[in-house]
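Asks: Supplied in structure tokens, the structure appears directly below.
The values are calculated or read from the model by the stated rules, or taken from the named source; none is laboratory data. It should be emphasised that the depicted structure is a prediction, and the values quoted were computed from it without experimental measurement. Cβ placement follows ideal geometry from the backbone for every residue including glycine, while neighbour counts extend to all protein chains displayed.
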């Protein structure tokens, strides 16, 4: 290897380390401990399977679904307009806001040439949308008849909003938290992601857009999909970097 090649490699390594410190890079925890992603996939799949089985056999959770769907939207209608102003944005936070932020962050990753993070963002988002459409059309569960304010007529099991917020806000917490030196602010970032995820799900139940089990099934699908896709992407890019180092 010539001195010019060594120099170029050194500068490339320096730039990579600098980007790892200053840029919004994946921490590599899933590649280092794939058991985390595998556990997420197994857990999410089992929960989704149990909820789907409960739906088909008319299990006990359906009674909770009906009771909540009849109660919370009625309370919402009887509440002050402030409740509507709080609950309705949950619909857009889980759909339009996720779409806009996904596009913006994808453009950022494209500009910085962060191919791994771009793949995680794009595949995570597109895959979650495809999963929701495929599963909801296959299961074809009607939404509650008590919808208020925002009316949606397509099948609602699992909740597409629930899937998308877990996949997107979970990824953002995964990317941001390791970059924050303070343990307190790490906790704030994780708590904020969990609060947004919970708020979107709760708002969709209050407005009658989904049954409780729709939301739980969406969370389960989001966890399973995030675990498998982000782990596979990190492992792929880690092996790719290792091969490039060996070639040099």
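Asks: For segment 127-156, give me each residue that is surrounded by fewer than 13 Cβ atoms within 10 Å (Cβ to Cβ) and in a helix (DSSP H, G or I). Spell out how you get there, then give the answer.
Replies: So the first thing to find is which residues in segment 127-156 are surrounded by fewer than 13 Cβ atoms within 10 Å (Cβ to Cβ), and the list is 130, 134, 137-138, 140, 142, 145, 151, 153-154.
Matches in segment 127-156: 130, 134, 137, 138.
Asks: Is it true that some residue in segment 170-182 is touching a helix residue (DSSP H, G or I) at 6+ places or on another chain (Cβ under 9 Å), closer than 21 Å to residue 109 by Cβ, in a loop (DSSP other than H, G, I, E, B) and at pLDDT below 95? Write out each step before concluding.
Replies: Going residue by residue through segment 170-182, those that are touching a helix residue (DSSP H, G or I) at 6+ places or on another chain (Cβ under 9 Å) are 170-180, 182.
From the residues that got through so far, the ones that are closer than 21 Å to residue 109 by Cβ too are 170-180.
Narrowing further to those that are in a loop (DSSP other than H, G, I, E, B): 180.
Next, from what is left, pick out any that are at pLDDT below 95: 180.
Yes, segment 170-182 contains a residue that is touching a helix residue (DSSP H, G or I) at 6+ places or on another chain (Cβ under 9 Å), closer than 21 Å to residue 109 by Cβ, in a loop (DSSP other than H, G, I, E, B) and at pLDDT below 95.
Asks: Would you tally the residues in segment 69-90 being within 29 Å of the chain's Cα centre (by Cα), loosely packed, with under 13 Cβ neighbours inside 10 Å and outside any helix (DSSP H, G or I)?
Replies: Result for segment 69-90: 0.
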